[in-house]
Amino acid sequence: MDLDEIQEVINLDKEPKANGPFGPGSIGYLEDTGIPQYDPERAKELVARYEEETGEPLEFTFTVWDNPAVVATAQLVQAQAKRVGVTMHIDPVEQATMIVRAIAGDFQALAFQNHPGGDPDNQYVWWHGDSPTNFNNFDDPEINALLEEGRASSDPARRKEIYEEINREFAKEIYNIWLSWNVWAIGTATNVHGILGAPLPDGQEPFPGLADGHSLSGTWMSD
C-alpha cells in the first residue's frame with residue numbers, strides 16, 4: 001500500500017500518516033517504528049513467488065464499512081494492489097455486519113478504526129492473545145508479556161519502554177497496516193478555558209485525544 005498516495009488522494013494531507021498504533025502524545029509513540037516502507041518492486045517479486053509456489057493467482061477480499069469515504073479508500077488500495085499483480089475484491093457491508101464479522105473472524109482483510117489513544121493499557125483487550133476482541137487472532141508471546149507487564153508496572157519510564165517495544169513488534173510482524181491518525185478538534189467560545197482539563201496528579205498534561213470521550217473536569221468560563 002502506497003500510504004503517501006492515500007494521504008494525497010483520500011486524506012488531502014489533512015491527517016498524519018501513521019507508522020503504528022500510537023500517535024503523537026501517547027507514551028508508546030515512536031517517530032521511527034521500523035515499519036517497512038512502500039516497495040512495489042519487492043511486492044511484485046513476492047507476488048511472483050507466491051504464484052509460482054501455489055500455482056494460483058494472489059487474490060483476497062477486503063471487507064469495509066459501506067461509508068463512501070471508506071469505500072473510496074478501498075478502491076484506491078484495490079488499484080494499488082493491481083499495479084503489483086494482486087487482485088483485491090471489495091466487500092462493502094453495513095457497520096453492524098462488519099463488527100459481527102470482525103468478532104467471528106469471518107474476513108480476509110478488514111478495515112477498522114480503533115486504538116484511540118490515551119493510556120496504551122486500553123489496548124490490552126484488542127491485542128492480548130487470550131482476548132475475544134483480538135480480531136486478528138494473533139497470539140504474540142512478546143506482546144502478551146509486555147501488555148501484562150505494562151498493566152502491572154507503576155514506573156512511568158518503564159511503561160514508556162514497554163509500549164515502545166509493542167510498537168516495534170507491530171512494525172516487525174505487520175499484524176495490522178496502519179493508515180493515518182485522526183486529528184481531533186473542539187470548537188469553543190473565547191471565554192471558555194481549560195478545555196483539555198487540569199494537569200494530572202503526577203504533573204503530566206492530560207492526553208489530548210478525544211476518541212475515548214472528553215472530560216470537562218478542568219473547564220471553566222469567564223465573564
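The values are calculated or read from the model by the stated rules, or taken from the named source; none is laboratory data. None of these values were measured; they are calculated from a predicted model. FYI the Cβ positions are ideal-geometry reconstructions off the backbone, even for glycines, and counts take in every protein chain you see.
Structure summary
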item	result
Hey, residue 32 over 30 Å from residue 150 (Cβ atoms), in the same structural domain as residue 174 (by TED's automatic domain parsing) and either in contact with a strand residue (DSSP E or B) (Cβ under 9 Å, 6 or more places away or on another chain) or without any contact (Cβ under 8 Å) to a residue 60 or more places away in the chain (or both) or not	no
Condition check for residue 152: of a type in the set (Gly, Ala, Ser), touching a residue at least 60 places away in the same chain (Cβ under 8 Å), out of contact with any Lys or Arg (no Cβ under 7 Å at 6 or more places or on another chain) and over 15 Å from residue 117 (Cα atoms)	no
Residue count for segment 87-118, restricted to those that are more than 21 Å from residue 136 (Cα to Cα) and buried (at least 16 other Cβ atoms within 10 Å of the Cβ)	1
Residues located in segment 176-193, provided they are in a loop (DSSP other than H, G, I, E, B), out of contact with any Leu (no Cβ under 7 Å at 6 or more places or on another chain) and modelled with pLDDT of 85 or more	176, 177, 178, 181, 188, 189, 190, 191
Candidate set from segment 10-48 (those that are aliphatic (A, V, I, L, M) and closer than 22 Å to residue 122 by Cα); member that is surrounded by the fewest Cβ atoms within 10 Å (Cβ to Cβ)	30
Selection within segment 45-63 - among the hydrophobic types (A, V, I, L, M, F, W, C) and under 25 Å from residue 93 (Cα atoms)	58, 60, 62
Segment 1-21: number of residues that are in contact with a Ser or Thr (Cβ under 8 Å, 6 or more places away or on another chain) and either at pLDDT below 90 or not hydrophobic (A, V, I, L, M, F, W, C) (or both)	7
Candidates 80, 7 - the one that is in contact with a Lys or Arg (Cβ under 6 Å, 6 or more places away or on another chain), more than 30 Å from residue 156 (Cα to Cα) and surrounded by 13 or more Cβ atoms within 10 Å (Cβ to Cβ)	7
Test: residue 159 is over 30 Å from residue 49 (Cα atoms), surrounded by 18 or more Cβ atoms within 10 Å (Cβ to Cβ) and basic (Lys, Arg)	yes
Filter result for residue 144 (within 15 Å of the chain's Cα centre (by Cα) and of a type in the set (S, T, N, Q))	no
Residue selected from segment 199-223 under the condition of a type in the set (A, V, I, L, M) and at pLDDT below 75, by the criterion farthest from residue 21 (Cα to Cα)	200
